[in-house]
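Just below is one structure, and these are the notes that go with it.
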Amino acid sequence: MRNRTQLYIGLGLILIGILTFLGIFFNYDFGAIFCPSILILIGIWLLVRPRTSLAGAEHYRFVGDVRRRGDWKVEGQEYWGFVGDVDLDFAQAQVPEGETVIRSYGFVGTVRAYAPENVGVMVTSNAFISNVRVFEQKRDSFISPVELATPGYDTALRKVRIEAVYFISDVKIRSTEKR
């Protein structure tokens, strides 16, 4: 397993399968216990989870879009939402030298970014169903993670790594020259 997210999704699916099998075998409805237990565990996890944001900037929206355009300072951030889009335009943004990580978490969502030639962008999508397009490269995935980067990412002075963790995700990185 390449990362913890994939491990947790795999363990969760195995647990659901075992509980379903036991429910059939013992003629018991584990769903009546399982669904509330999952909600309680998610709530506890949100309260005590370790902070992973590099700059401490976290944005929460249950439903809605996040848009960053114009002159803005790019720094490590996390976007949390149930359903929504994250639109990032790096054309006029102040991207620092080195690598900046932006994470987006949700159930269903689209992450769109516009990158100039001097900014390298790498996308990592961990989703049950992923559709990732970076410039002319395209990859669709079912359960397994996808990782794509713009040409010259390794040698770029300014880099942005976008990590998308969703149940269903659509990630598109386009060149600012080809709008």
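Shape class of the range 57-178 from the Cα gyration tensor (axes a ≥ b ≥ c, square roots of the eigenvalues): oblate, since a/c reaches 1.5 or more and a/b does not exceed b/c. The distance between label points at Val83 and Glu177 comes to 3.8 nm (points 7 Å beyond Cα on the Cα→Cβ vector). Computed about its Cα centre, the charge dipole of the range 57-178 is approximately 200 debye, with only Lys, Arg, Asp and Glu carrying charge at their Cβ. Multiplying the residue separation of Leu41 and Leu15 by 0.36 nm and subtracting their alpha-carbon distance yields 8.0 nm.
Any read-out appearing in this document is the output of simple, stated calculations on the displayed coordinates, not a laboratory observation. Computed from a predicted structure; not experimentally measured. Neighbour counts run over all protein chains shown; Cβ positions are idealised from the backbone, glycine included.
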